[in-house]
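Right, one structure below, let's go through it.
The values are calculated or read from the model by the stated rules, or taken from the named source; none is laboratory data. These figures come from a predicted structure and were not determined experimentally. Here the Cβ is made from the backbone with ideal geometry for all residues, glycine too, and neighbour counts use every protein chain on show.
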Amino acid sequence: MSSFGPTVRAVRARAVIVPRQRPMRTAVGVIPTAPLVLIDVETSGGIPGSAYIFTYTEAALKPTLALVETIGAEIIGQSAAPLERLRAFDMRFRLLGTEGLVGMAIAGFDMALWDALGRAVGKSVAELLGAEAKPIRAYDSFGVIDPRAEEAELRRSLDRGFRGIKMKIGGGDVAADIEAVRALRAIVGPDIQVMVDYNQSLDAPEACARLARLRDFDLHWVEEPVRAEDLAGHARVRAEAGVKVQTGESWWFPADCARAIAAGASDFAMLDVMKIGGISGWLRAAALAEAANLPVSSHAFIEASAHAMAATPTAHWIEYLDNAGPILKAPLEVVDGTITPSGPGLGMTWDEKAVARYAA
Ligand SMILES: [Mg+2]
């Protein structure tokens, strides 16, 4: 039992499969739904804390749920302080390692505990971190699309005030890449930032060859052109292709961020609040990015990311990719191309009817 502040009194985990408004097609496969594990902790004093983690594939939903339940039972009676839990988890899983499902569960608890800390004092997590809960610029995130066929949807994005549009490419040959980028640029015009995401589908020589032919389209960034762990490959693309490289959504914990910075792998940093170690891990990675002068963007998890971005010195763009909106009572709204962190805590309240409807 902790003698310092609140403790964890109960943990509940549930699995849901949330439908997507737009099925997410990538160069390496389709993500038709958003499989989520919802985590609810109750701390002494009756303060709740909630968060969700995203398993990418439904195949990982059950094992992730089981892991969260098992680890959750272990932290009952322990301090509800996120940094202490992170330290203890690091020791608990030192020999197994924390990449993968374990790391996802750890981050889920971290976010849920930060949420509880905010709720306990009636403040948003952004404010708790000493930041302001103010609007943050977002870009709209599309999968693999034919921009001409999706023109109406793209125009809706512009009407919502988005000043950046990202789409995924790389499912076909370089001619298809060029065709898609040319079509998107023609629709959005010269003043909107255009980003493309290869989802790790190329090797470095192929990426350099393709990107040399995309130089004229004023791309804001090219995301994960090669495998995420191929840091040398990312660095080579940066040096040879003449485009700005974005990577980071696949970094596990701040240590991966440090390794990528040391390798010169990216012009930016894209943090995934789940893989980077929750709000606590994010803050440490954001400090590394600041020290390396890397602008930081977020990956999915719009609710928690909005708070983390508010506290990020080199905040760049929030990715607008709403995985949990259909199960929230008050999904985050896009206002003039921005989203604003809401509170108290992380500002998420489950719509229990929707949770029941999408229960896995
Ligand atoms: Mg990506």
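Scanning segment 95-150 for residues that are in a loop (DSSP other than H, G, I, E, B) and under 18 Å from the mean Cα position of the chain (by Cα), which turns out farthest from MET274 (Cα to Cα)? First the steps, then the outcome.
First, the residues of segment 95-150 that are in a loop (DSSP other than H, G, I, E, B): 95-100, 122-123, 129-135, 145-150.
Next cut, under 18 Å from the mean Cα position of the chain (by Cα) only: 98-100, 135.
Working: THR98: 12, GLU99: 11, GLY100: 10, PRO135: 22 Å.
Here the residue is PRO135.
From the set of residues in segment 151-170 that are in a helix (DSSP H, G or I) and hydrophobic (A, V, I, L, M, F, W, C), which is nearest to the ligand (Cβ to nearest atom)?
From segment 151-170, those in a helix (DSSP H, G or I) are 151-159; that's our starting set.
If we keep only those that are hydrophobic (A, V, I, L, M, F, W, C) too, we end up with 152, 154, 158.
On the way: ALA152: 24, LEU154: 18, LEU158: 21 Å.
By that ranking, first place goes to LEU154.
Could you please find all residues in segment 201-232 being in a loop (DSSP other than H, G, I, E, B) and within 16 Å of the ligand (Cβ to nearest atom)?
The first filter runs over segment 201-232 and keeps only residues in a loop (DSSP other than H, G, I, E, B), leaving 201, 203, 213-214, 218, 224-225, 227-230.
The answer is SER201, GLU224, PRO225, ARG227, ALA228, GLU229, ASP230.
Search segment 71-86 for residues that are farther than 21 Å from TRP252 by Cβ and pair each with any residue that is exposed (fewer than 15 other Cβ atoms within 10 Å of the Cβ) and small (Gly, Ala, Ser) when their beta-carbon atoms are under 6 Å apart and the residues are at least 6 apart or on different chains.
Partner pairs satisfying both residue conditions: SER79/SER2.
Among the residues of segment 171-200, write down those that are within 16 Å of the ligand (Cβ to nearest atom) and either modelled with pLDDT under 95 or not assigned by TED's automatic domain parsing to the domain that holds SER250 (or both).
Across segment 171-200, the qualifying residue is only GLY171.
Just checking, which of SER266, SER298, SER305, SER280 is touching an Asp or Glu at 6+ places or on another chain (Cβ under 6 Å), under 24 Å from ILE165 (Cα atoms) and among the small types (Gly, Ala, Ser)? Before you say what the answer is, go through the steps one by one.
On the way: SER266 fails: touching an Asp or Glu at 6+ places or on another chain (Cβ under 6 Å); SER305 fails: touching an Asp or Glu at 6+ places or on another chain (Cβ under 6 Å); SER280 fails: under 24 Å from ILE165 (Cα atoms).
The conditions single out SER298.
Considering only segment 165-220, state which residues are in contact with a Ser or Thr (Cβ under 6 Å, 6 or more places away or on another chain) and charged (D, E, K, R).
LYS166, LYS168, listed by residue number.
Could you check GLY264 against (1) surrounded by 21 or more Cβ atoms within 10 Å (Cβ to Cβ); (2) over 24 Å from GLY103 (Cβ atoms) and say which number it fails?
(1)
Filter segment 11-33 down to residues that are among the basic types (Lys, Arg) and more than 16 Å from the ligand (Cβ to nearest atom), then give me how many there are. Give the derivation first.
Quick first cut of segment 11-33, residues among the basic types (Lys, Arg) only: 12, 14, 20, 22, 25.
Narrowing the set further to residues that are more than 16 Å from the ligand (Cβ to nearest atom) leaves 12, 14.
So the count comes out to 2.
Here are ASP256, ASP322, ASP267: which of them is acidic (Asp, Glu) and part of a helix (DSSP H, G or I)?
Values: ASP322 fails: part of a helix (DSSP H, G or I); ASP267 fails: part of a helix (DSSP H, G or I).
Of the residues listed, the single one that is acidic (Asp, Glu) and part of a helix (DSSP H, G or I) is ASP256.
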